[in-house]
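Novice: This structure is in structure tokens; I'll ask about it shortly.
The values are calculated or read from the model by the stated rules, or taken from the named source; none is laboratory data. Remember, predicted model here, so these are calculated numbers, not experimental data. When we count neighbours, we look across all protein chains shown, and the Cβ atoms used for this are built from the backbone with ideal geometry, even at glycine. The area values use the complete protein model at the heavy-atom level, side chains included, leaving out ligands, DNA and RNA. Shrake-Rupley method; radii C 1.70, N 1.55, O 1.52, S 1.80 Å.
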Amino acid sequence: MALPRYAFFKGRIVPYSEARVGVLTHGLNYGTGVFSGIRGYWNPDEKELFVFRPEDHYRRFLESAKMLGMTLPLDAPQLTAVLADLLRKEGFREDCYVRSLAFYADETVGVRLHDLTPEISIVSMPYGRYIDKEEGAHATISSWRRVDDNAIPARGKIVGSYVNSALAKTEAMRSGFDEAIVLNGDGHISEGSAANFLLVRNGVVLTPPITDNILEGITRRTVIDLLRDELGVTVVERSIDRSEIYVAEEALFVGTGVQIVAVTRVDHRPVGTGRIGPIATALRKLYFDVVRGRRPDYRRWCAPVYGPAAALEENEGAVRPAVARS
Ligand SMILES: Cc1ncc(COP(=O)(O)O)c(C=O)c1O
């Protein structure tokens, strides 16, 4: 993966090589940080880069920070503005991924969450697929259990808890699968290693409730709305037993990274027909239209980075300068 050219670090945009931390940094040693992953989608017709639901991502980022007792100096609109500055500076004309991190920056020894100072960094790089087989992934039920709300809250994107995700992902991939389905302590399905989970039974979409130790996913919320409002599908949020996968018609992972992935086999058993089903097919088409800004009625979720003036300049053949941060 290509490294970013710039980073927002210590309150300003600097060359990426200058965004460095010491090895004693608290967040690095104890996982005391929170992060967010946001996608930007290039729309070639409009010559525009649309960032998908940045303020919603940053609201969850701030909530995650709150769980670690962090007070951050920027609110969701301010973080979104910084992000737009950074993306203009990078000047991307392709799909990209934005990684924002808030971490305790003190170089000190001592496990705690108090009397520490947070720092924010934001970087972005070009990005394609996270899972190769978006139209037909093979998943396994992980032998690892999801972190519990009373251990490390799964509803927040907390750096340390991603060891749990990494254990599940590597176990799955080393065993020849594309992704893991992780059960919570109760034995119900929680989610993938870095994606929320849905399945279709008797035409109804089921997804675990946010009280079943899942990340409160922005894509999950997006697809629930799209399924109900655009595809006329009933969505029920309830605990899901593992054996329900074996009798389901379709299963899906959804998330910023994975986007919309059809799970067509679980532990060598076909899900439904073993091929991508009608709900996943329709949802994928709709989702990619929405995130790329091709659905005017959902433009409220797409934050343009360059604005109409830049598209005009491009169309007239002018070279668009990267906009420096003021
Ligand atoms: C554990 C986990 N669940 C779910 C998701 C999906 O969340 P979102 O749709 O907000 O990206 C992610 C993030 O990528 C994640 O890391």
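Novice: For the chain, with all protein chains present and a 1.4 Å probe, just round the carbon and sulfur fraction of the accessible area to a whole percent.
Specialist: 52 percent
Novice: If amide hydrogens are placed 1.01 Å from N in the peptide plane, which non-local residues have theirs closer than 5 Å to the one on K157?
Specialist: Correct list: F35, S64.
Novice: While we're on this one: Taking the Cα centre of the chain as the origin, how large is its charge dipole in debye, to the nearest 20, when only Lys and Arg (+1) and Asp and Glu (-1) carry charge on their Cβ atoms?
Specialist: So the dipole magnitude of the chain works out to roughly 280 debye.
Novice: Here's a follow-up. What percent does the relative contact order of region 4-129 come to when contacts are Cα pairs within less than 8 Å and at least six residues apart?
Specialist: It comes to 36 percent, rounded to a whole number.
Novice: Right, another one. Per DSSP H run of at least 4 residues, take -39500 (n - 2.57); add these up for the chain, divide by its residues and hand me the 222 nm value, nearest 500 deg cm²/dmol.
Specialist: It lands at -7500 deg cm²/dmol.
Novice: Let me ask another. Once you keep just the Cα pairs under 8 angstrom separated by 6 or more residues, what percentage relative contact order results for the chain?
Specialist: Over the chain, the number comes to 20 percent.
Novice: Rounded, prolate or oblate: pick one for the chain, where a ≥ b ≥ c are the square roots of the eigenvalues of its C-alpha gyration tensor, a/c under 1.5 means rounded, and failing that, prolate if a/b is larger than b/c, else oblate.
Specialist: Oblate shape, in that a/c is at least 1.5 and b/c is the bigger or equal ratio.
Novice: Here's something else I'd like to know. Report the net charge of residues surrounding R146, where surrounding means a beta-carbon distance below 9 angstrom and charges are Lys +1, Arg +1, Asp -1, Glu -1. Don't skip to the end; give the middle numbers.
Specialist: On the way: positive: R145; negative: D148, E191, D212.
Around R146, the charge tally is -2.
Novice: Cut-off 10 angstrom, C-alpha nodes, Gaussian network model of the chain. Which of S36, S175, S121 fluctuates the most?
Specialist: S175
Novice: What does the extension gain come out to for D229 and M67, with contour length at 0.36 nm per residue minus their alpha carbon separation? Don't skip to the answer; put the middle values down first.
Specialist: On the way: separation 162, 0.36 × 162 = 58.32 nm, distance 3.25 nm.
Taking 0.36 nm per residue and subtracting the Cα distance, the gain is 55.1 nm.
Novice: Something else about it: Which helices, taking whole DSSP H runs in the chain, have alpha carbons extending 18 angstrom or more along the helix axis plus mean Kyte-Doolittle at least 0.5?
Specialist: 278-291
Novice: Going by amide H atoms built from the backbone, whose H comes under 5 Å of the H on D95, apart from near neighbours?
Specialist: Here W42, Y127 satisfy the definition.
Novice: Using Cα pairs closer than 8 Å and at least 6 residues apart in sequence, work out the relative contact order for region 54-197, in percent.
Specialist: Working: 182 pairs, mean separation 28.0, N = 144.
The value is 19 percent.
Novice: Further, regarding this structure: Quickly rank 137-144, 294-301 as a protection proxy: mean count of other C-beta atoms within 10 Å, highest first.
Specialist: Highest mean packing first, the order is 137-144, 294-301.
Novice: Sort 27-35, 268-276 for me by packing, meaning the mean count of neighbouring Cβ atoms within 10 Å per residue, highest on top.
Specialist: 27-35, 268-276
Novice: Of the peptides 9-22, 280-293, how do they stack up when ordered by the mean number of other Cβ atoms within 10 Å, highest first?
Specialist: Order by mean packing, descending: 280-293, 9-22.
Novice: So for the chain, if I pair up every lysine 8 or more residues apart or on another chain, how many of those pairs have alpha-carbons under 19 Å apart? Please report the intermediate quantities before stating the final value.
Specialist: Details: K10/K89; K47/K89; K66/K157; K133/K169; K133/K285; K157/K169.
Counting lysine pairs in the chain gives 6.
Novice: Provide the net charge surrounding P4, with neighbours chosen by a C-beta distance below 9 Å and charges set as Lys +1, Arg +1, Asp -1, Glu -1.
Specialist: Residues near P4 contribute +1 overall.
Novice: Something else about it: Of G293, Q259, I120, which is farthest along the charge dipole of the chain in the positive direction, counting Lys and Arg as +1 and Asp and Glu as -1 at C-beta?
Specialist: I120
Novice: If you take the square roots of the eigenvalues of the alpha-carbon gyration tensor of region 73-198 and sort them as a ≥ b ≥ c, do you get rounded (a/c under 1.5), prolate (a/b over b/c) or oblate?
Specialist: Oblate, because a/c is 1.5 or more while a/b does not exceed b/c.
Novice: Still on this structure, please answer the following. Counting Lys and Arg as +1 and Asp and Glu as -1, what is the net charge of the other residues whose Cβ lies under 12 Å from the Cβ of Y298?
Specialist: Numbers: positive: R53, R292, R294, R295, R299, R300; negative: D225, D229, E230, D289, D297.
Result for the neighbourhood of Y298: +1.
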